[in-house]
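K.L.:
Dumping the structure here so I can ask a few things about it.
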Amino acid sequence: MNIEQTALPGVLILTPRRFGDARGFFSESWNRRTLEQAGVTLPEFVQDNHSLSAQAGTLRGLHFQSPPHAQGKLVRCGRGRLYDVAVDIRKGSPFYGQWVGAELSFENARQLWVPAGFLHGFVTREPDTEIIYKCTDHYAPECDGAVRWDSLGIDWGVSAPILSDKDANAPAFADFDSPFVWESA
């Protein structure tokens, strides 16, 4: 497993090894022991999600789930290609409001670890793109929230994305009161 730090401490890019031959490949996409041996300890995962976006340019986010059901997510692309983004929304963090993005695709096998206390969103770059992600808490509708996709200066690579009503009507980051607080180590 290749582990890359990003510009936001705590947000990681994990790339598992693939073992291939003429039939295809095998990859161990998640292994707690392998990560812990590399010095990375992630919370326990309790739920896996899988979504399909039929059209390129579909943008989902920026989403979060607030305490007491805050979610960390380990995100990967099962088919197609997407641009995945994490934004620090922990009040008091020296990185508050800053974001990082990474291209995830079936071909590159990269995964993005988005800890609790971060917004998460993605835009698809190809039709029929699948996103698969592990979550550290169960979905809790009463804790579900969003920030408007275009209010943080993120270069999504699309000017008119395909949005849900929830995402199109989400509050701007400037009007957002984050429920997360940064705790220094």
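The values are calculated or read from the model by the stated rules, or taken from the named source; none is laboratory data. No experiment lies behind these values; they were computed from the predicted model shown. Please note: Cβ atoms are built from the backbone with ideal geometry, for glycine as well, and neighbour counts cover all protein chains shown.
K.L.:
Only one of Gly10, Gly20 is out of contact with any His (no Cβ under 8 Å at 6 or more places or on another chain), on the phi > 0 side of the Ramachandran plot and either part of a strand (DSSP E or B) or touching a residue at least 60 places away in the same chain (Cβ under 8 Å) (or both). Can you tell me which?
P.N.:
Gly10
K.L.:
For the list (1) touching a His at 6+ places or on another chain (Cβ under 6 Å); (2) without any contact (Cβ under 8 Å) to a residue 12 or more places away in the chain, I need the number of the one condition that Ala146 fails.
P.N.:
Looking at each condition in turn, Ala146 falls short on (2).
K.L.:
Pull out all pairs, ordered by first then second residue, where Cβ-Cβ is under 6 Å, the residues are six or more apart or on different chains, the first lies in the range 23-36 and is more than 15 Å from Ile3 (Cα to Cα), and the second is among the charged types (D, E, K, R) and in a loop (DSSP other than H, G, I, E, B).
P.N.:
Matching pairs, first to second residue: none at all.
K.L.:
Just to check your reading of the model, which residue among Ala22, Ala109, Ala56 is small (Gly, Ala, Ser), at pLDDT below 95 and out of contact with any helix residue (DSSP H, G or I) (no Cβ under 7 Å at 6 or more places or on another chain)?
P.N.:
Ala22
K.L.:
Assess whether Pro94 counts as being outside any strand (DSSP E or B) and under 22 Å from Thr136 (Cα atoms).
P.N.:
no
K.L.:
Of the conditions (1) without any contact (Cβ under 8 Å) to a residue 24 or more places away in the chain; (2) more than 13 Å from Trp113 (Cβ to Cβ); (3) part of a loop (DSSP other than H, G, I, E, B), Thr41 satisfies every one except a single condition; which number is it?
P.N.:
The single condition Thr41 does not satisfy is (2).
K.L.:
Residues in the range 47-59: is at least one of a type in the set (D, E, K, R), loosely packed, with under 13 Cβ neighbours inside 10 Å and not in a loop (DSSP other than H, G, I, E, B)?
P.N.:
Looking for residues that are of a type in the set (D, E, K, R), loosely packed, with under 13 Cβ neighbours inside 10 Å and not in a loop (DSSP other than H, G, I, E, B), one finds at least one in the range 47-59, hence yes.
K.L.:
Which members of the range 9-37 meet the condition of being of a type in the set (A, V, I, L, M, F, W, C) and either closer than 18 Å to Ala86 by Cβ or surrounded by 12 or more Cβ atoms within 10 Å (Cβ to Cβ) (or both)?
P.N.:
Hits for the range 9-37 are Val11, Leu12, Ile13, Leu14, Trp30, Leu35.
K.L.:
Of all strands (runs of 3 or more DSSP E) completely enclosed by the range 118-185, which ones contain at least 2 residues that are under 23 Å from Leu12 (Cβ atoms) and at pLDDT 95 or above?
P.N.:
Because the criterion is at least 2 residues that are under 23 Å from Leu12 (Cβ atoms) and at pLDDT 95 or above, the strands (runs of 3 or more DSSP E) in the range 118-185 that meet it are 118-124, 129-135.
K.L.:
For the range 23-38, what are the residues that are of a type in the set (Gly, Ala, Ser), assigned to a loop (DSSP other than H, G, I, E, B) and over 21 Å from the mean Cα position of the chain (by Cα)?
P.N.:
Ala38, the sole residue that qualifies.
K.L.:
Would you mind finding the one in Gln98, Gln111, Gln71 that is on the phi < 0 side of the Ramachandran plot, buried (at least 20 other Cβ atoms within 10 Å of the Cβ), polar (S, T, N, Q) and touching an Asp or Glu at 6+ places or on another chain (Cβ under 7 Å)?
P.N.:
Only one candidate qualifies: Gln71.
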